[in-house]
Amino acid sequence: MRIFHNVIFICLFIFSWLAPLYPETVLSDSDKVQSIINSSTFTRVQKPLTIRTDRETLEYFIEHVEELTKHGRDFNRKELILEVKSNGTYGIQMPSKHITGEFELVERQPHKVIYMGHGSAVVFFGFSGTIVLEINYTTQKDEKGYYEEVNTSVHLKFNNAVLGILAKAASPILISKLDKLITKFSTKTKNVAEAAYANKNSSSHRKER
């Protein structure tokens, strides 16, 4: 019986490695996004983020990720190396996190954009997977004035089923690292967008004079 259990485990392990090699059904971007969301290994929803900027400035940076890396020390090459490719995708490297991959904007709606990416990383073990980033934003107002409330959801699916199971077993550590990474770059994006908005307002006041 013990030998039988071992054989089953080995077969499942081999299948989990070979499965990604077989061609998948051709799906639209929307169908791919929904499939990843439905079968994600991890889904993280960030607390709403308040960004003191206008809609135009926020949308510009959300839809032109390369501009985020051009603003001084908010992003540096030790943390993020971004390459804009001719086919509209972005190549990405994060040396300190041992992450490489590429992503693209696949869906744009009023008050919402969706990015999808593929890549590999090394945490305690190497793995590859697909990620969907949903960004929703709405205009709000408080005693300080208008601002944009941004809601971010990240869905990560491991390509390898066995590693996905192992990742869930180690989820307290992996989720903590993922949450810190999302928060870090959301905060940096907030800083860039707010600085750009302040500069825009400052320039407008100077022209009025």
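If the chain between residue 146 and residue 39 were fully stretched, how many nm would it gain, using 0.36 nm times the residue separation less the Cα-Cα distance? Each step should come with its number before you reach the end.
Details: separation 107, 0.36 × 107 = 38.52 nm, distance 3.71 nm.
Separation in residues times 0.36 nm, less the Cα-Cα distance, equals 34.8 nm.
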Roughly how many nanometres apart are two label points built 7 Å out from the Cα toward the Cβ at residue 47 and residue 99?
2.1
How far is it, in nm, from the label point at residue 120 to the one at residue 107 when both lie 7 Å from their Cα along the line to the Cβ?
2.9
Reach of residue 184 by Cα under 14 Å, taken over aspartates and glutamates that are not fewer than 8 positions away in the same chain:
74, 79
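We did not get these values from a lab; they are worked out from the coordinates using the rules stated. A quick note: this is a predicted structure, and the numbers were derived from the prediction, not measured. All Cβ positions, glycine included, derive from the backbone under ideal geometry; neighbour counts span all protein chains shown.
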